[in-house]
1. Name the residue, out of A:GLY139, A:GLY231, A:GLY213, that is away from chain B (no Cβ under 14 Å), closer than 28 Å to A:GLY57 by Cβ, open to solvent by less than 10 Å² (accessible area, probe 1.4 Å) and within 17 Å of the chain's Cα centre (by Cα).
2. If you take the residues in segment B:390-419 that are open to solvent by 40 Å² or more (accessible area, probe 1.4 Å) and either touching a residue at least 40 places away in the same chain (Cβ under 8 Å) or on the phi > 0 side of the Ramachandran plot (or both), which one is farthest from the other protein chains (Cβ to nearest Cβ)?
3. Tell me which of these B:SER351 doesn't satisfy, since it passes every other one: (1) within 14 Å of another protein chain (Cβ to nearest Cβ); (2) more than 25 Å from B:ASP480 (Cα to Cα); (3) open to solvent by less than 50 Å² (accessible area, probe 1.4 Å); (4) not charged (D, E, K, R).
4. Based on this model, can you work out whether B:LEU451 counts as closer than 21 Å to B:PHE340 by Cβ and either polar (S, T, N, Q) or in the same structural domain as B:ASP356 (by TED's automatic domain parsing) (or both)?
5. Please identify the pairs in which a residue from segment B:59-83 that is within 10 Å of B:LEU12 (Cα to Cα) and touching a residue at least 24 places away in the same chain (Cβ under 8 Å) has its Cβ atom under 7 Å from the Cβ atom of a residue that is in a loop (DSSP other than H, G, I, E, B) and open to solvent by less than 20 Å² (accessible area, probe 1.4 Å), counting only partners at least 6 apart or on another chain.
6. Within the set of pairs 6 or more residues apart or between chains, which connect a residue that is at the interface with chain B (Cβ under 7 Å from one of its Cβ atoms) and under 21 Å from B:GLN365 (Cα atoms) inside segment A:148-177 to a residue that is among the hydroxyl-bearing types (Ser, Thr, Tyr) and open to solvent by less than 20 Å² (accessible area, probe 1.4 Å) with Cβ atoms less than 7 Å apart?
7. Among (1) modelled with pLDDT of 80 or more; (2) in contact with an Asp or Glu (Cβ under 9 Å, 6 or more places away or on another chain), there is one condition A:TRP42 misses while meeting the rest; what is its number?
8. On the given criteria, is A:GLU227 acidic (Asp, Glu) and over 22 Å from A:PHE140 (Cα atoms)?
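The values are calculated or read from the model by the stated rules, or taken from the named source; none is laboratory data. Owing to the predicted nature of the structure, the values given are computational and were not obtained by experimental measurement. Cβ coordinates were reconstructed from backbone atoms using ideal geometry, including for glycine residues, and neighbour counts include every protein chain displayed. All accessible areas refer to the heavy atoms of the entire protein, side chains included, with ligands and DNA or RNA removed. Shrake-Rupley method; radii C 1.70, N 1.55, O 1.52, S 1.80 Å.
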Amino acid sequence: MIKTIPMAAAVGLFFTILYFLMAILAPWIAPYGVAEVVGDVWEPSSADYWLGTDNIGRDLLTRMIYGGRTTIFIATVATFISFTTGSILGFLAAVMGGWVDQVLSRFVDLIMSIPPLIFALVVLSVMPVTVPVLVLVMGFLDSTRVFRLSRAVAADINVMDFVEAAKLRGEGRGWVIFREILPNALSPLVAEMGLRFIFMVLFISTLSFLGLGIQPPAADWGGIVKENADGINYGIGAALYPAIAIATLAISVNLVADWILNRTTSLKGGRG
Amino acid sequence: MSSDTLVKVRGLKIGATVYPPDAAPHDIDIVHGVDFELERGKVLGLIGESGAGKSTIGLATMAYGRGGVKITGGEVWINGRDILKSRLRDVRRLRGGEVTYVSQSAAASFNPAKKIMDQVVEASVEHGKFSRRKAEKRAVELFRKLGLPEPDKIGNRYPHQVSGGQLQRCMTALALCPEPELVVFDEPTTALDVTTQIDVLMAIKEAIRDTGVAAIYITHDLAVVAQVSDDIMVLKMGEKVEYGTAEQIINAPREEYTKALVSVRSIEHEEKVPSPEPVLRCQNITARYTGTNFDVLHNVSVDLSPGQTLAVVGESGSGKSTLARVITGLLPPSTGRIEFAGRTLAPDLPSRSREDLRELQMIYQMADVAMNPRQTVGTIIGRPLEFYFGMRGEKKRKRIQELLDQIEMGAGFIDRYPAELSGGQKQRVCIARALAADPKLIICDEVTSALDPLVADGILKLLLNLQKVENVAYLFITHDLATVRAIADSIAVMYQGKVVRYGTKSEVMSPPFDDYTDLLLSSVPEMKLGWLEEVIANRKMESAGN
């Protein structure tokens with residue numbers, strides 16, 4: 001499997017693993033404390049501060065590492081929530097049909113008719129902005145898209161003869177969903193997961209940039225952009241580092257997702 | 001090379017790259033050096049099972065390889081030019097102008113967004129053979145020649161507005177319109193009902209004769225190819241098995257393989273006397289699909305004795321598959337009752353007992369979608385054992401082995417995935433899955449129609465043997481009367497949702513016939529020359545496709 005991995009996917013996989021490792025190992029690899037003021041404002045990069053310092057003199061590399069940790073953690077958990085709720089409800093709607101499908105689908109249409117960012121801003125302005133609330137709001141809003149995808153995929157599989165054979169055998173809904181449909185719906189869902197993860201990264205970064213995401217002094221990539229945005233006026237590129245990080249993570253995860261999709265697209269198993 | 005020779009193929013080799021799931025991609029040969037010649041105005045039949053390379057050879061006469069297929073060697077001479085050495089520009093002039101192609105599925109080949117006429121004249125106009133007006137005139141002539149209704153107006157319809165048989169004839173018109181030298185027919189009647197097939201076949205035959213075009217006719221059905229061809233080439237695994245005149249191949253085949261193909265469908269089955277206590281009794285069943293306002297089944301009553309086979313015969317749309325859905329409980333009937341093994345079955349699936357479900361199993365037409373591609377053969381066969389009998393571990397594995405032996409497949413298949421099986425093996429696994437439930441009745445929905453004739457024969461023999469051993473009854477849904485002759489004890493002929501003839505096999509198959517049964521019986525291609533003309537001359541009833 002590793003031997004036949006294409007170049008693009010290998011590069012993507014390398015950076016994805018690198019970012020995740022940095023996120024997990026942050027307290028051990030970060031040179032300074034996350035909120036520790038170590039130098040002057042916006043110092044250029046040097047042997048002590050590889051990426052320089054930020055708008056109040058904290059080490060930017062440390063902020064970036066901790067920021068990545070927060071961003072990736074929140075995006076991962078939110079993706080997980082979005083996928084479990086979205087796909088289970090989507091499968092249920094496809095398998096049960098009738099009014100269950102109608103109620104769920106119309107409710108999802110309703111939610112999707114409101115732009116997610118506006119919706120999130122409204123919810124977060126009346127609720128305390130804590131990590132659990134953030135993760136739940138993001139996961140819930142995003143699960144509508146997963147619902148749509150998994151419902152469509154499951155509706156296709158649900159009419160195939162092997163599912164009918166299982167129903168004729170008398171199998172319950174649990175078996176039909178988890179043993180007959182889920183294994184065949186996995187590859188489009190996994191590929192979508194990569195994409196949704198990236199949207200989560202962008203979403204949390206946007207929220208933080210607008211001040212409704214991660215609250216200081218904790219760091220996250222969107223927040224770092226916001227804190228250092230003024231520096232751009234003075235020719236200081238501190239805000240560009242998190243932007244580059246977001247971009248490379250997005251591209252890398254997508255390259256991996258593309259590869260997984262390519263490998264497993266066919267319903268007949270393997271590549272075909 | 002005589003002056004009349006149009007096509008000359010020498011040592012044609014065709015290869016492709018395969019991507020096995022657990023090995024590196026590599027090249028394989030799919031056609032290993034085939035030679036043949038074709039004179040102007042003659043028809044060559046290419047016959048063989050799937051994977052024999054028939055279509056690949058047919059397309060090679062247009063210097064075309066489908067989806068990664070490459071012509072790796074040999075010569076293809078058309079009209080004195082080796083087209084494999086021609087420049088792409090010349091090949092382009094050849095395709096759709098000098099050599100045209102009729103594919104198996106007209107429905108999938110026509111552009112649904114364009115009118116039929118626009119598509120029929122396109123090649124002639126693009127190749128500069130005729131002006132638009134002249135091409136349309138010729139198309140109307142061809143429509144008339146092919147027996148299409150309203151030849152002046154049918155070109156204004158969209159592909160979905162004509163029937164399958166008509167669309168197939170439109171495609172023949174499309175192929176003949178630019179006055180080609182050679183037409184390649186790739187299984188043009190395989191997707192059609194028997195009664196429609198015969199009309200299309202006759203239309204194609206007459207059109208070939210009238211236009212004096214040469215043709216390559218590709219099919220897996222020897223009886224069909226014998227009706228239209230002058231010469232026949234039998235292919236197997238990309239190699240020529242036998243090549244001769246149609247008469248010689250049908251009446252005096254030399255090779256074993258050809259003999260097997262000629263004698264296919266010759267299974268004989270002694271019919272049993274119906275017992276007074278049927279295992280399945282359908283009484284006055286009327287059914288319709290939700291959201292429609294017409295009945296698909298009208299007052300259908302049939303009985304099936306234990307350990308016997310009832311064949312339900314009819315064209316597509318006759319309601320035979322709907323009957324199966326009603327019996328399985330997927331479609332509750334609006335009126336009527338079903339008795340099964342002495343008890344009345346609940347009309348809908350959720351209210352049936354597990355015992356009812358176990359004793360009534362089903363085998364599907366398309367074995368590859370009837371099995372979950374992510375489950376191994378062991379899981380597929382083992383699940384009913386687990387579900388109905390609570391078998392686990394070693395006991396279950398042993399029973400799976402037994403079942404695999406019964407379907408004449410070895411124990412080595414237990415951990416394989418459906419994608420790693422051939423078409424016939426897949427259908428066998430589906431049979432084993434049905435048998436695993438130890439049923440009293442198995443509904444077989446067109447179980448052999450997607451298979452090659454020799455493989456289908458094997459499946460029918462297996463089903464007959466299993467019936468002897470397990471005493472299971474079959475409700476056998478099919479459109480193929482040869483299959484019916486081979487396997488049935490009693491027959492129900494269905495037409496437009498009604499049972500038009502019902503009785504034991506000998507009763508149903510002997511005269512006097514009603515018009516529909518006569519049409520159906522006479523439409524089954526027979527392995528003899530001149531059969532087609534005979535049937536057309538003696539017909540009493542038009543087929544439903546017109």
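1. Details: A:GLY139 fails: closer than 28 Å to A:GLY57 by Cβ; A:GLY231 fails: within 17 Å of the chain's Cα centre (by Cα).
Result: A:GLY213 is the single residue among A:GLY139, A:GLY231, A:GLY213 that is away from chain B (no Cβ under 14 Å), closer than 28 Å to A:GLY57 by Cβ, open to solvent by less than 10 Å² (accessible area, probe 1.4 Å) and within 17 Å of the chain's Cα centre (by Cα).
2. Applying the first criterion (open to solvent by 40 Å² or more (accessible area, probe 1.4 Å)) to segment B:390-419 yields B:390, B:392-399, B:401-402, B:405-406, B:408, B:411-412, B:415-417, B:419.
Filter once more, keeping what is either touching a residue at least 40 places away in the same chain (Cβ under 8 Å) or on the phi > 0 side of the Ramachandran plot (or both): B:390, B:393, B:406, B:408, B:416-417, B:419.
Details: B:GLY390: 14, B:GLY393: 19, B:GLN406: 19, B:GLU408: 22, B:ARG416: 11, B:TYR417: 5, B:ALA419: 4 Å.
Among those residues, the one meeting the criterion is B:GLU408.
3. Tallying (1) within 14 Å of another protein chain (Cβ to nearest Cβ); (2) more than 25 Å from B:ASP480 (Cα to Cα); (3) open to solvent by less than 50 Å² (accessible area, probe 1.4 Å); (4) not charged (D, E, K, R), B:SER351 fails exactly one: (3).
4. On the way: closer than 21 Å to B:PHE340 by Cβ: no; either polar (S, T, N, Q) or in the same structural domain as B:ASP356 (by TED's automatic domain parsing) (or both): yes.
No: the conditions fail for B:LEU451.
5. Taking only residues 6 or more apart or on different chains, the pairs are B:VAL76/B:THR61.
6. A:ASP161/B:TYR364; A:LEU168/B:THR328
7. (1)
8. Details: acidic (Asp, Glu): yes; over 22 Å from A:PHE140 (Cα atoms): yes.
Judged against the criteria, A:GLU227 is a match.
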